[in-house]
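First comes the structure, then the notes that go with it.
The values are calculated or read from the model by the stated rules, or taken from the named source; none is laboratory data. Remember, it's a predicted structure, so these values are computed and weren't measured experimentally. Because the Cβ atoms are built from the backbone with ideal geometry, glycine has one as well, and the counts that use them run over all protein chains shown.
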Amino acid sequence: MSSVIRLLPDHVANQIAAGEVVQRPASVVKELLENAVDAGATSIKLVVKDAGKTLIQVTDNGKGMNEVDARMCFERHATSKISLAEDLFQLQTKGFRGEALASIAAIAHVELKTKEHENQLGTHVIIEGSKVVSQEVAVVPDGTSFSVKNLFFNIPARRNFLKSDQVELRHVIDEFERVALAHNDIQFTFIHNGAELFNLPVSNIRQRIVNVFGGKTNEKLVPVQETTEIVEIYGFVAKPEFAKKSRGEQFFFVNDRFIKSGYLHHAVTAAFEGLLKDGTHPSYFLYLNLPPNSIDINIHPTKTEIKFDDEQALYAILRATIKHSLGQFNVAPVLDFQKDSDLDVPYSYEGTKSVEPTVAVDTFFNPFDSMKPGSSLAGQMGSGFNPFENVKPKMSSGGFSAGNSFQDKKQHKPGGWETLYEGISDAKEIILTSVNHQFDEEEITGSLFDDETSQTANYQQSYQFQKKYIISPIKSGMIIIDQRRAHQRILYEHYIKSFTVKQNSSQQLLFPLSLYYTVYEMELLRSIEQQLIQMGFLFEEISNEKIVILGIPVSVSESEVSIVLEDLLNDLQDGVPNDVDVMHDRIAKSLAQSLAVKTGTYLTDKEQENIVNSLFGCEDPQTSPFGKTTFITMKVEDIDKKFM
Ligand code: ADP
Ligand code: MG
C-alpha cells in the first residue's frame with residue numbers, strides 16, 4: 001500500500017489554527033490591539049461595524065513595518081518578538097506565537113497599510129483567505145492599519161455560529177476594555193457603527209477606569225497597594241455596596257496583560273467575605289507585577305490563563321492586601337455582624353418611604369361557588385375579585401408587613417370571613433388533589449398541633465414555621481407553603497397583568513431620574529429604547545453614560561426602576577430576545593425576585609393569610625415564576641399512617 005500521510009497545505013493548516021485563535025470578532029480585536037501595543041503605539045483607534053462581523057479596523061501610530069515584514073507577518077510562526085525558546089521566560093510583549101495574523105488572514109479579507117517612520121513610502125497589502133491579492137507601494141501615514149472584513153467568509157458554519165450583534169459587541173467591548181485598562185499610557189478611541197463609544201486620553205489608572213466605566217465609578221473605588229518580594233500589587237476594588245449582580249467588572253492584569261484566574265478571584269472574594277449581599281459580585285481592577293520568569297503565559301493559545309510559580313503565597317498576599325484596604329478605608333467596620341439580618345433594608349430601598357402592603361379581598365364574593373374540579377381557579381374569578389388589587393409590596397424597615405384593608409372590608413359583612421374560608425379550602429382541595437407532591441417529613445413538627453390551632457374554632461388559622469413556610473390546614477390535611485416562592489408567584493402575576501392591562505400608560509416623575517451606566521450598557525439600552533417606551537418609560541436623554549428618565553410604567557415604582565433596568569441589562573447581555581412580551585416577563589420576574597418577602601422573615605397572621613389567599617387566586621399557584629414548587633400537601637391519611 002502506498003503511503004497515506006501528507007503534510008497539510010498551508011492554507012488548510014492556517015484555517016485549522018485559526019479555529020484556535022479566532023473564535024469570534026472579539027478575538028480579532030484582541031490580537032490587533034495587542035499587536036498595536038507591542039508596536040509601541042501611543043494612540044490606537046478601533047473602528048468596528050456590526051459588532052465586527054462586517055469590519056474590524058485597528059489603526060496605530062506604532063513603529064510600522066517595512067515592505068518585507070508587511071508580507072512576512074501573515075506567515076505562520078512569523079514573529080519579531082522572540083527568537084529563542086528562552087525568550088519565552090523573559091516576555092515583555094503581548095504576542096510571541098506569530099500565528100494571529102496568519103490565522104486571521106486565513107478566514108477573512110484583510111487589508112494592511114503600514115509605514116515605518118523613517119521611510120517616505122509605505123506598503124499596502126491585500127490578502128484574502130491566505131492568498132495575497134496585491135502588494136503595492138503606497139502613501140500611508142506612519143504606523144499600521146489593519147482592516148479585517150467579512151470574518152469567516154470561507155467558513156459559513158462558523159459565521160452562522162456567531163451570536164447576535166449585541167452579544168458579539170459585548171465580547172468586543174470586553175477585549176477593548178481589557179487592553180485599554182492595561183495600558184493607561186496609550187490613547188484609545190473606539191467607534192462602533194459610526195458612533196464613538198470610548199475616547200480615552202492618556203491618564204493615570206484610576207482616571208482610566210473612570211473613563212471606561214463612567215463618571216460615577218470614581219466614588220466606588222478603594223485603592224489597593226502592596227509591594228512584597230514576590231509580587232507588586234496595585235489597583236482598586238469597588239466598595240462592597242457597589243457589588244454587581246453580574247460578574248462584569250473583574251480584572252486581573254499580570255505584567256500588563258489581562259488574565260483570568262479562578263484562584264486569584266477566590267482570594268479577592270475571600271477578602272470580601274461577610275461584606276457582600278447574596279448573589280452579588282465585587283468589582284475589582286488589580287494590577288500584579290511579577291518577575292517574568294516566575295510565570296508561564298504559554299499554557300493557553302489566547303494567553304488569558306497563566307501559571308504562577310508560587311500560587312499559594314500570591315493568594316495569601318492578595319487576600320490580606322485587599323482585606324487591609326477595605327478595613328483602612330473604613331469599609332469593613334461599618335458592618336455589624338451581630339445585627340439581625342432580618343432588619344436589613346436592601347440598598348435600593350434606603351431612603352424610600354415605606355408603605356404597608358395590602359391585599360384586598362372582596363368578601364362578598366365567593367369565587368368557588370361554581371368551581372368545577374380541574375378547571376382553572378383564576379378562570380372562575382368573578383369581576384368582583386381582583387387578587388392583584390393593591391398587592392403593591394413595599395419593604396418597611398421591619399420587613400414585610402400587612403396592611404389593614406382586609407379588616408376594613410371585613411366590617412362590611414362580618415360573615416364574609418367564614419364564607420371565604422370555606423371557599424378557599426374547597427378550592428384548595430380542588431387544586432391540591434390534582435397535585436401529587438413529595439413532602440419532607442422532617443419539616444413537620446408537633447408544634448403544629450398546638451392548642452392555639454385547635455382552639456381557633458371558626459376559621460382555619462395558618463402557622464409560620466421556621467420563618468420560611470406557612471402551614472395551613474385544609475379539609476383533607478394540610479398544605480405547606482414556601483412563603484418566598486408563593487409571594488414571588490403572586491407578585492409576578494400581578495405585574496404581568498398590570499403590564500398587559502395598562503400597556504403604554506406612563507406615570508410622570510416629579511423630578512427626572514438620572515441613572516448611570518457603562519458605555520456598553522448604554523448601547524444595550526439604546527437598542528431596546530423603543531420597547532421601553534412602549535412599556536411606559538419616557539426618556540429625556542440617553543447619552544454615553546447616563547439616562548435621564550421622565551416617566552416610568554405605572555406598575556413600577558420609582559425605587560424599583562434601577563432594579564428593573566439592571567436585571568434587564570443582565571439578561572440582554574446573555575442574549576435574551578428583546579421583544580416586548582419577553583421583556584414584560586423578565587421585568588415581572590425581576591420585580592418578583594427582588595420584592596418578594598425573604599425566607600427568614602417573620603410574618604404576622606394576616607400576612608400569612610394574605611399570602612395564602614392571594615396564592616390561590618393565581619393562575620398558576622403551584623410553581624414560582626422560576627418553576628419551583630410553591631407548596632406541598634400532606635393528607636390526613638398520610639399523617640395517620642405515621643402513627644400506626
Ligand atoms: P505575534 O504578535 O505573536 O508576533 P502576529 O501574527 O500577531 O504574531 O504578528 C506577527 C508579526 O507582525 C509581529 O511579530 C510583528 O512583527 C508584526 N506586526 C503585527 N502587527 C503589527 C503592528 N501593528 N505594527 C508593527 N508590526 C506589527
Ligand atoms: Mg500578535
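Assess whether E609 counts as being surrounded by 13 or more Cβ atoms within 10 Å (Cβ to Cβ) and either assigned to a helix (DSSP H, G or I) or out of contact with any Phe, Trp or Tyr (no Cβ under 7 Å at 6 or more places or on another chain) (or both).
Spelling it out, E609 is indeed surrounded by 13 or more Cβ atoms within 10 Å (Cβ to Cβ) and either assigned to a helix (DSSP H, G or I) or out of contact with any Phe, Trp or Tyr (no Cβ under 7 Å at 6 or more places or on another chain) (or both).
What do you reckon, is F236 closer than 23 Å to L569 by Cβ, over 20 Å from the mean Cα position of the chain (by Cα) and among the aromatic types (F, W, Y)?
Yes; evaluated as a whole, the condition is true for this residue.
If you scan region 21-66, which residues turn out to be among the acidic types (D, E) and within 14 Å of ligand 2 (Cβ to nearest atom)?
Selection gives E31, E34, D38, D60.
Failed condition for R208, given (1) within 25 Å of D256 (Cα to Cα); (2) over 24 Å from the mean Cα position of the chain (by Cα); (3) basic (K, R), with all others met?
Failing condition for R208: (2).
State all residues of region 197-220 that are part of a strand (DSSP E or B) and in contact (Cβ under 8 Å) with a residue 60 or more places away in the chain; if no residue qualifies, say none.
Residues satisfying the conditions are L197, F198.
Which one of these does Y602 not meet: (1) under 23 Å from K468 (Cβ atoms); (2) surrounded by 15 or more Cβ atoms within 10 Å (Cβ to Cβ)?
Going through the list (1) under 23 Å from K468 (Cβ atoms); (2) surrounded by 15 or more Cβ atoms within 10 Å (Cβ to Cβ), Y602 breaks only (2).
Quickly run through region 65-115 and pick out the residues that are part of a strand (DSSP E or B) and of a type outside the set (V, I, T).
H109, E111, L112, K113, K115
In contact with a His (Cβ under 6 Å, 6 or more places away or on another chain), within 16 Å of ligand 1 (Cβ to nearest atom) and at pLDDT 95 or above, is that true of A41?
no
Among the candidates V140, V148, single out the residue that is surrounded by 15 or more Cβ atoms within 10 Å (Cβ to Cβ), hydrophobic (A, V, I, L, M, F, W, C) and within 37 Å of the chain's Cα centre (by Cα).
Answer to the selection: V148.
Go through E31, E75 for me and flag whichever is in contact (Cβ under 8 Å) with a residue 12 or more places away in the chain, in contact with a helix residue (DSSP H, G or I) (Cβ under 8 Å, 6 or more places away or on another chain) and buried (at least 17 other Cβ atoms within 10 Å of the Cβ).
That would be E31, the only listed residue that is in contact (Cβ under 8 Å) with a residue 12 or more places away in the chain, in contact with a helix residue (DSSP H, G or I) (Cβ under 8 Å, 6 or more places away or on another chain) and buried (at least 17 other Cβ atoms within 10 Å of the Cβ).
Take the residues of region 97-128 that are without any contact (Cβ under 8 Å) to a residue 60 or more places away in the chain, of a type in the set (A, V, I, L, M, F, W, C) and closer than 30 Å to P156 by Cα: which is farthest from ligand 1 (Cβ to nearest atom)?
This residue is I126.
Just wondering, is there one or more residues in region 44-51 that are surrounded by 23 or more Cβ atoms within 10 Å (Cβ to Cβ) and at positive phi?
For region 44-51, residues surrounded by 23 or more Cβ atoms within 10 Å (Cβ to Cβ) and at positive phi: present.
Residues of region 154-196 being among the aliphatic types (A, V, I, L, M) and either under 20 Å from the mean Cα position of the chain (by Cα) or assigned to a loop (DSSP other than H, G, I, E, B) (or both), which ones?
I155, L162, V167, L169, V172, I173, I186
Listed here are the residues, each with its yes/no results for (1) in contact with a helix residue (DSSP H, G or I) (Cβ under 8 Å, 6 or more places away or on another chain); (2) away from ligand 2 (no atom under 16 Å from the Cβ); (3) more than 30 Å from P292 (Cα to Cα); (4) at pLDDT below 95.
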{"residue": "K81", "(1), (2), (3), (4)": "yes, no, no, yes"}
{"residue": "E86", "(1), (2), (3), (4)": "no, yes, no, yes"}
{"residue": "S103", "(1), (2), (3), (4)": "yes, no, no, yes"}
{"residue": "V110", "(1), (2), (3), (4)": "yes, no, yes, no"}
{"residue": "S134", "(1), (2), (3), (4)": "no, yes, yes, no"}
{"residue": "P156", "(1), (2), (3), (4)": "no, yes, yes, yes"}
{"residue": "Q166", "(1), (2), (3), (4)": "yes, yes, yes, yes"}
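Does region 48-93 hold any residues that are of a type outside the set (K, R), closer than 25 Å to E136 by Cβ and within 8 Å of ligand 1 (Cβ to nearest atom), and which are they?
Residues satisfying the conditions are V58, D60, G62, G64, M65, D69, M72, C73, F74, A78, T79, S80.
For region 239-264, enumerate the residues that are within 17 Å of the chain's Cα centre (by Cα) and either within 22 Å of H324 (Cβ to Cβ) or not in a strand (DSSP E or B) (or both).
Answer for region 239-264, where residues must be within 17 Å of the chain's Cα centre (by Cα) and either within 22 Å of H324 (Cβ to Cβ) or not in a strand (DSSP E or B) (or both): P240, E241, F242, A243, K245, S246, R247, G248, E249, Q250, F251.
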